[in-house]
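Asker: Quick one: the structure is below, questions incoming.
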Amino acid sequence: ALAWGLAAVTALPLLRQLATSALGVASARRARARLRGIARPGPYGSWHVPGAGAFVVGWREPVVCLGESLTAALDDRCLRAVSAHEDEHRSRGDLWLRSAARVLAAGHLPATRRALLDALDLATEQACDERAGEVVADRLVVAQALLDAARLQVGGGGCLPVALDARIAALCMHPDAAVASPWAPRVAFALAATLCASLWWSHQVHRVAETFALLLTR
């Protein structure tokens, strides 16, 4: 009874996160349909939508959306950097990666879950920053685009981009010294999956530990 109770307690956060993810998918589909009705075709296959943000919307056929205020405020190179950054999110499938990571991390303690997800978000953002730097052939242009976009979003009541200071610092460093390995999000995802598995199969882990203990005492 105790084991089943612990299993139920462990499963509750996972079930809650699965429900949240399902609602998020449905909400994203509705948002894409609404945006499609008011969007205008933009450069590089993107959509121009109201606002000052830049994001990817849609699950089956994700599309890059650029806010009209953003496109009006940025010069051509900065706009190309922002578009390339979001297009990299789209091509990498980061929407699916982040959703899966949040489900797998649901069983962790809040501090551990937050640290893992923050590390994953930073790694994916830096990887896309690096790709944008390759597209425009200048990492500092990407840093400038981040600053300009942040000013617009804060001025419009929005939120700052993820880990803005760390991303700009990495872009201003020499490419060989920047922390932008494409393996970083995969490592974070694998760590989250391993820790989640250890919660679900903790009895197996316990048996292995007992076996090692018996071997050491003989």
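Asker: Condition test on G133, is it buried (at least 22 other Cβ atoms within 10 Å of the Cβ) and either within 19 Å of W47 (Cβ to Cβ) or not β-branched (V, I, T) (or both)?
Answerer: Yes, satisfied.
Asker: Here's a follow-up. Is there a residue in segment 46-63 that is within 15 Å of A149 (Cβ to Cβ), of a type outside the set (S, T, Y), outside any strand (DSSP E or B) and at pLDDT 90 or above?
Answerer: No - not one qualifying residue is present in segment 46-63.
Asker: Would you point out which residue out of S99, S91 is outside any loop (DSSP other than H, G, I, E, B), within 17 Å of A132 (Cβ to Cβ) and out of contact with any strand residue (DSSP E or B) (no Cβ under 8 Å at 6 or more places or on another chain)?
Answerer: The conditions single out S91.
Asker: What number of residues in segment 58-90 are within 18 Å of V25 (Cα to Cα), surrounded by fewer than 22 Cβ atoms within 10 Å (Cβ to Cβ) and not aromatic (F, W, Y)?
Answerer: 6
Asker: Something else: I'd like the full set of residues that are of a type in the set (G, A, S) and more than 23 Å from R92 (Cβ to Cβ), limited to segment 27-71.
Answerer: Selection gives A33, G37, G51, A52, S69.
Asker: Taking the condition in a loop (DSSP other than H, G, I, E, B), under 17 Å from A54 (Cβ atoms) and free of Cβ contacts under 8 Å to residues at least 60 places away in the same chain, does L160 pass?
Answerer: Yes.
Asker: Quick one: which of A119, A111, A115, A101 is within 18 Å of the chain's Cα centre (by Cα), open to solvent by less than 20 Å² (accessible area, probe 1.4 Å) and aliphatic (A, V, I, L, M)?
Answerer: A101
The values are calculated or read from the model by the stated rules, or taken from the named source; none is laboratory data. None of the values given here were measured: they were computed from a predicted structure. Ideal geometry is used to build each Cβ from the backbone, glycine not excepted, and the neighbour counts take in all protein chains shown. With ligands, DNA and RNA removed, areas are computed over all heavy atoms of the protein, side chains included. Shrake-Rupley method; radii C 1.70, N 1.55, O 1.52, S 1.80 Å.
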